Amino acid sequence: MKATIYYGPKNIKLEEIPKPVPTEKDVIVKVMRAGICGSDLKAYLYDGSSVGIFPKGTFGLDGQFGHEMVGVVDEIGADVEGIAVGDRVFVNPTVCRKAGMLTCDMSGAFSEYVLVEEAKYGYNLLKLSDSTTFDEAVMTEPLSVATHGKNVIDVKPYEKVVIFGAGTIGLCALEAVLAIGCKDPVIIDMNEERLALAERLGGTPCNPSHEEDGIAEFLMKHFGVVISPFGDKNCDVDVFIDCAGAAPVVENTIKMAKHGARICIVAVHKKPVACDMILFGSSELTMKGSLGYQMTDVLEAYNNIDGHRNRVSEIVTHQFPIDQILEAFEVAANPETGAIKVVINYEM
């Protein structure tokens, strides 16, 4: 089979390797779509060790990587129950191998076939309905990440929400909060093309570089003003979701957040962030981190896709065949291409 092997930054190769063989409890999935994630790009451009992507041979790993995938069950082990050859499935990479999150990013989505160990529906596989296309279903994984962020901070339908970052996860967070009924959520970014897409998807765009009075004034005009116990003006925003990972986001959010507001950190920050803990404490803010997702988040995300309660498939800007995997990574890594979500289409 064709498999993309990671050897280090800017050094990935498409090679022929043996197709995996299932044990009695495993299944083999033929991959139909695979998304290039930010962690894949970090490994490609810089260093994969911080995101769990290691060069071939490290710790005995074979170098296969990629984790956003949907496909068709190709083989099943003798003891597998309730799963049939030909089933169309989403593969949960966080538990598709016995090592769990340790090898999540090296699940092998950029290979023609992947091994799912101890396969079970509702655990590491989700059966797709006939009405959901692979082009839609490939967004299940990033939408699950964003949905988990929403659920970690317990966003309610009536709450006012601000999202920082209009990349794949930020746009998925927008769709996640819209799907539960949040009205006019704001999404903040400096890329006009991404903000235009956010607006088409149903968000209210905000470009800080165009706001002379600053983000706080924009949000106060959009959502209203709350006076703090100390007489300061704050934004009437219930929840802030950080999908940008820029250091000023956390600091500025604490400054403009109203008493009791909640902050969720979905983004991966590259450096430690300084916080005004006096203001954080006196405002009685809540900040929570978000890591991956649970199967309940996957089900919510997929059901929103299957029920056409969002338009996440529009986040996919480019598709490439597996034979053009190197070009796909170059396009995904280059800001000038306008790429948001780049997908490998194994049917091309």
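Some points to look at:
- Segment 174-227, residues that are open to solvent by 70 Å² or more (accessible area, probe 1.4 Å) and under 22 Å from ALA146 (Cα atoms): LYS183, ASP184, MET190, GLU192, GLU193, GLU199, ARG200
- Within segment 1-35, the residues that satisfy the criterion of being closer than 16 Å to ILE322 by Cβ and among the hydrophobic types (A, V, I, L, M, F, W, C) are MET1, ALA3, ILE5, ILE12, LEU14, ILE17, VAL29, VAL31, MET32, ALA34.
- Selection within segment 215-274 - farther than 18 Å from ILE187 by Cβ and among the hydroxyl-bearing types (Ser, Thr, Tyr): SER228
- All positions within segment 336-348 that are touching a residue at least 24 places away in the same chain (Cβ under 8 Å) and not basic (Lys, Arg): GLY338, ILE340, VAL342, VAL343, ILE344, ASN345, TYR346, GLU347, MET348
- When residues in segment 64-93 are screened for being within 27 Å of GLN319 (Cβ to Cβ) and either modelled with pLDDT under 95 or not in a loop (DSSP other than H, G, I, E, B) (or both), 14 of them pass.
- Complete set of residues in segment 267-286 that are free of Cβ contacts under 8 Å to residues at least 40 places away in the same chain and open to solvent by less than 70 Å² (accessible area, probe 1.4 Å): HIS269, VAL273, CYS275, LEU279, PHE280, GLY281, LEU285
- Within segment 247-266, if we keep just the residues that are among the small types (Gly, Ala, Ser) and buried (at least 23 other Cβ atoms within 10 Å of the Cβ), the residue that is nearest to LYS150 (Cα to Cα) turns out to be ALA261.
- Evaluation of GLY214 against the conditions (1) on the phi > 0 side of the Ramachandran plot; (2) out of contact with any Pro (no Cβ under 9 Å at 6 or more places or on another chain) shows that the sole unmet condition is (2).
- Residues satisfying the stated conditions in segment 95-132, i.e. among the β-branched types (Val, Ile, Thr) and within 20 Å of ALA328 (Cβ to Cβ): VAL114
- Pairs where the first residue, in segment 51-63, is more than 15 Å from ALA3 (Cβ to Cβ) and the second is in a loop (DSSP other than H, G, I, E, B) and open to solvent by 70 Å² or more (accessible area, probe 1.4 Å), C-beta under 9 Å, 6+ apart: VAL51/VAL268
- Of all positions in segment 36-47, at least one carries a residue that is more than 15 Å from ILE325 (Cα to Cα), under 22 Å from the mean Cα position of the chain (by Cα) and not in a helix (DSSP H, G or I).
- Among the helices (runs of 4 or more DSSP H) confined to segment 187-265, the ones with at least 1 residues that are under 24 Å from the mean Cα position of the chain (by Cα) and in contact (Cβ under 8 Å) with a residue 24 or more places away in the chain are located at 192-201, 247-256.
- Residue in segment 55-72 that is within 14 Å of GLU117 (Cα to Cα), surrounded by 13 or more Cβ atoms within 10 Å (Cβ to Cβ) and either among the aliphatic types (A, V, I, L, M) or over 25 Å from the mean Cα position of the chain (by Cα) (or both) present: no
- Pairing residues of segment 29-41 that are within 14 Å of THR133 (Cα to Cα) with residues that are among the charged types (D, E, K, R), at Cβ distances under 9 Å and at least 6 apart in sequence or on separate chains, gives VAL31/GLU112; MET32/ARG88; MET32/GLU347; ARG33/GLU68; ARG33/ASP135; ARG33/GLU347; ALA34/GLU68.
- Top-ranked residue in segment 9-51 [being exposed (fewer than 15 other Cβ atoms within 10 Å of the Cβ) and small (Gly, Ala, Ser); ranked as modelled with the highest pLDDT]: SER49
- Subset tally (residues that are modelled with pLDDT of 95 or more, among the charged types (D, E, K, R) and out of contact with any strand residue (DSSP E or B) (no Cβ under 6 Å at 6 or more places or on another chain)) for segment 285-313: 2
- Within segment 303-338, considering residues that are buried (at least 17 other Cβ atoms within 10 Å of the Cβ) and of a type in the set (Val, Ile, Thr), the one nearest to GLU112 (Cα to Cα): ILE322
The values are calculated or read from the model by the stated rules, or taken from the named source; none is laboratory data. If you're wondering where the values come from, they're calculated on a predicted model, not measured in any experiment. Note: ideal-geometry Cβ built from the backbone for every residue, glycine included; neighbour counts use all protein chains shown. Protein only, heavy atoms only, side chains kept; ligands, DNA and RNA dropped before computing areas. Shrake-Rupley method; radii C 1.70, N 1.55, O 1.52, S 1.80 Å.
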